[in-house]
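Notes for the one structure printed next.
Please treat every number below as a calculation from the coordinates, not as lab data. Since the model is a prediction, treat every value here as computed from it, not as a measurement. With ideal geometry, Cβ positions are generated from the backbone for all residues, glycine too; neighbour counts draw on all protein chains shown.
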Amino acid sequence: MGFGNFGIETDISRDDIVVLDRVQGSSTTESICLGAVQVIDGDNLRVLGIPFFKEKYSSLCHKGIWMNLTEQRAYYKALESAPDADAVFYKSMDYEVSGIPLIWWTETATYTGKGIQLKAD
């Protein structure tokens, strides 16, 4: 875990966690006119970067690269699907983009893994 130039690393053994069921979360963003208008998950609207809904996502960095909001919403939904989970062990991230770049395109992310719960001391 890092915060600015400050980083923390810890070793977690199998005895420190409870592995929960398989979880999956998916999110879709449809962008129109250079992304000026976006439809999130079919019924949420964002215009000129201003969301007209309550945005829910978990900020993630995978292999040193920050995930985009569609991927972060997919992770949030995977984590939300297991209410007792503290995190999700990453298994796969499927990411698809289709459409006409800059005019209209759709991106879909699906995050799959195992929910984990840290044991209390």
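Viscosity 0.890 mPa s, temperature 25 °C: give me the Stokes-Einstein translational D for the chain in µm²/s, with Rh taken as the Kirkwood radius over C-alpha pairs.
Numbers: Rh = 15.9 Å.
The calculation lands on 154 µm²/s.
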For this session: Just rank Y57, Y76, Y90, fewest to most, by other beta-carbon atoms within 10 angstrom.
Result: Y90, Y57, Y76
Problem set entry | Relative exposure of K77, K119, judged by other C-beta atoms within 10 Å (fewest first) | K119, K77
For this session: From the C-alpha gyration tensor of the stretch 72-121, pull out the three semi-axes of the equivalent ellipsoid (sqrt of 5λ each), sorted largest to smallest, in whole Å.
Result: 31, 9, 6
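Which FRET efficiency value, to the nearest 0.05, do you get for V97 and R22 by plugging their Cβ-Cβ distance into 1/(1 + (r/R0)^6) with R0 = 30 Å? Write down the numbers at each step before the final one.
On the way: r = 25 Å, r/R0 = 0.85.
My answer for the efficiency is 0.75.
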Seminar exercise, completed: In terms of the charge dipole of the stretch 26-121, which places +1 on Lys and Arg and -1 on Asp and Glu at the beta carbon, the residue among Y95, V47, W105 farthest towards the positive end is Y95
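In what order do K54, K91 fall by count of nearby beta-carbon atoms within 10 Å, going from fewest to most?
On the way: K54 6, K91 13.
Listing K54, K91 from fewest to most nearby Cβ atoms yields K54, K91.
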